[in-house]
Amino acid sequence: MGALFASNSLLDKSADDVVEEGLLTSKDKTTIMIMGVDERDDDVGRSDTLMVATLDPKKDQAALMSIPRDTRVKIKGHGWDKINAAYAYGSAKGGPEAGEKLAQRTVEDFLGVNMDHYVVVNIQAFQKIIDAIGGIDIDVEKRMYYEDPWDDDGGLIIDLQPGMQHMDGKTAVTYVRYRDEEGDIGRIKRQQKFMKACMDKITSPAIIPKLPSVIGEVMSSVKTDLSFRQLLEFAGTLKEAQKNGLKTEMVPGKPLYIDGVSYWIPDLQKLRTTLAETLGITLNASEKAQLERTQHEYESSIPAGATSAPSTTKAKSSSSTSSSKNSSSSKSSSSSSSSSRSTSRSSSEGTSDHSTSSSHAGSTHTTAAPAETAPAAPTRSSNTAKTH
């Protein structure tokens, strides 16, 4: 067990964790990138969920920032794309580890904040963790019915009734993956609601005595640079933060359609100012001026033809464009059958996570939506440069 306890605190920084110039960092708080990936044996997948947890172990405070997967960002080496494409691009070139590194680099560049740690969870690990804590109680807010013919090796069907329900791991996955007319925003609301329910369960009197075994299950199921002891401290901080009120936020912004494809366009000034406050950092005049320039550069990068509502004509053409683009990315990542599958899924997800919905037995019946990646723009200078 000695190796598991190698790190003493969440605030301990790795000796080789050198902060890239321009990224905010705090000595008294720690940032953790939490990424849920939708990957299979024959498909590198994309990041399906992106959150950043900011913890203050000394004050027992925590904040959770959700990043819409449609967020338009600049990915190093790949240009402008949706943020969830970073993991796929990296994995296609160098496997899952490269995918994690590119995703982390993209998140850091986008937020202008250094990520001290990471946790990567795939669907199978998510199910195991929920089952390890005995399931989760969730008040399902409405009838949920959803079909995705391209997903889950033959089709994904989500079928949930409204009201309080006890969910095992498999059912919980369907709840957090459900898509409706609210698109990415609705999913984030449910994911944050689910995270709070998880924290309630993990910090409950019934689970606390079992935490070491639960965290052992977590460590065997996820990819993380957190030690066993750090995960215990993570859980302890969340327990106290629940009492103080866990702060949950989403990247501020608005939806926009570019060539028929929906993106979430962030308000970088508001976002980075909020993150600086969360980290307890006051931006100086120079940093504020740099932030204004970053915002202007980002807005200038948006094509003139972008619209607030989808264009029927552009949506049709974007389907083939998205299919072609994702096909070339998939081919470099795996076999031809994997490429075909990945392209099909990306095309079906294609134009928008906000679009198609129809009535099904008094419920919202939604059809699938896409995924891609992010912009770079640091805010604060540091003396050293972080290598990924």
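Residue order for THR54, THR30, THR282, fewest other beta carbons within 10 angstrom first, comes to THR282, THR54, THR30. Equivalent ellipsoid of the stretch 173-279: semi-axes from √(5λ) of the C-alpha gyration tensor, largest first, are 31, 18, 14 Å. Near the amide H of GLN61, within less than 5 Å, lie the amide hydrogens of ASP56, all on another chain or at least 5 residues away, with H placed in the peptide plane. The phi-based Karplus calculation (6.51 cos²θ - 1.76 cosθ + 1.60; θ = phi - 60°) puts the 3J(HN,Hα) values of the stretch 108-119 at 4, 5, 5, 7, x, 10, 6, 9, 6, 9, 9, 9 Hz, whole numbers, x for Gly and Pro. For ASP48, the residues 5 or more places off, or on other chains, whose built amide H falls under 5 Å of its own are GLY36, VAL37, ASP38.
Projecting the alpha carbon convex hull of the stretch 56-98 along each direction and taking the average yields 4.3 nm². Kirkwood hydrodynamic radius of the stretch 34-122, from the reciprocal of the average inverse Cα-Cα distance over all distinct pairs: 13.3 Å. So what does the Cα-only Debye profile of the stretch 55-174 read at q = 0.15 Å⁻¹, as log10 I(q)/I(0), no solvent term? At q = 0.15 Å⁻¹ the computed log10 ratios are -0.98.
Each reported figure results from applying straightforward, stated rules to the coordinates on display, with no laboratory input. Note that the coordinates shown come from a computational prediction; the quantities given were computed from them, not determined experimentally. Cβ coordinates were reconstructed from backbone atoms using ideal geometry, including for glycine residues, and neighbour counts include every protein chain displayed.
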